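Engineer: Pasting a structure below so you can have a look.
The values are calculated or read from the model by the stated rules, or taken from the named source; none is laboratory data. In this text, all values refer to a predicted model and were calculated from it rather than measured experimentally. So basically every Cβ, Gly included, is an ideal-geometry build from the backbone, and we count neighbours across all protein chains shown. For accessibility, only protein heavy atoms count, side chains too; no ligands or nucleic acids. Shrake-Rupley method; radii C 1.70, N 1.55, O 1.52, S 1.80 Å.
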Amino acid sequence: MTGDLARRQTSLPISCGVERYHKVEISSEAARVMNTLMDDVFQKLVFEVAKMARYNKNATLTARELETAVKLILPSDLASYAIGEGSRALQRFHSNYKKK
């Protein structure tokens, strides 16, 4: 995936999360800027993870590569927070998956 195709497939709606949790509204311009920021960070993470998987000669992307990419791309405090939130999300997913 390159260029516009990758960007179209990875765009995330962020305005609903902001409105749902904080009862605030943001302008469409601010939502567009936030969406562009999230797309850029996501693209950088995907690039780093893919590069590490190629280097390790792995066809599968693991949590280890993703965690390393987060540490490389994001500042230290933000990276540790993102890793913690990701771990909690995985734990919740696995606990809900086992219940079914």
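Engineer: Can you find a residue that is without any contact (Cβ under 8 Å) to a residue 24 or more places away in the chain, among the aliphatic types (A, V, I, L, M) and over 14 Å from Phe42 (Cα atoms) anywhere in segment 62-77?
Structural biologist: The answer is no; no qualifying residue exists.
Engineer: Restricting attention to segment 68-82, which residues are open to solvent by less than 100 Å² (accessible area, probe 1.4 Å) and of a type outside the set (Gly, Ala, Ser)?
Structural biologist: Start the filter on segment 68-82 by keeping residues that are open to solvent by less than 100 Å² (accessible area, probe 1.4 Å), which leaves 68-70, 73-76, 78-80, 82.
Thr68, Val70, Ile73, Leu74, Pro75, Leu78, listed by residue number.
Engineer: Also, quick follow-up: Can you go through Lys57, Lys44 and tell me which one is on the phi > 0 side of the Ramachandran plot and open to solvent by 70 Å² or more (accessible area, probe 1.4 Å)? Spell out the reasoning first.
Structural biologist: Numbers: Lys44 fails: on the phi > 0 side of the Ramachandran plot.
Testing whether each residue is on the phi > 0 side of the Ramachandran plot and open to solvent by 70 Å² or more (accessible area, probe 1.4 Å) leaves just Lys57.
Engineer: Going through Glu85, Glu65 one at a time, which residue ends up being assigned to a helix (DSSP H, G or I), charged (D, E, K, R) and open to solvent by less than 50 Å² (accessible area, probe 1.4 Å)? Explain how you work it out, then say what you get.
Structural biologist: Numbers: Glu85 fails: open to solvent by less than 50 Å² (accessible area, probe 1.4 Å).
Being assigned to a helix (DSSP H, G or I), charged (D, E, K, R) and open to solvent by less than 50 Å² (accessible area, probe 1.4 Å) holds for just one of Glu85, Glu65, which is Glu65.
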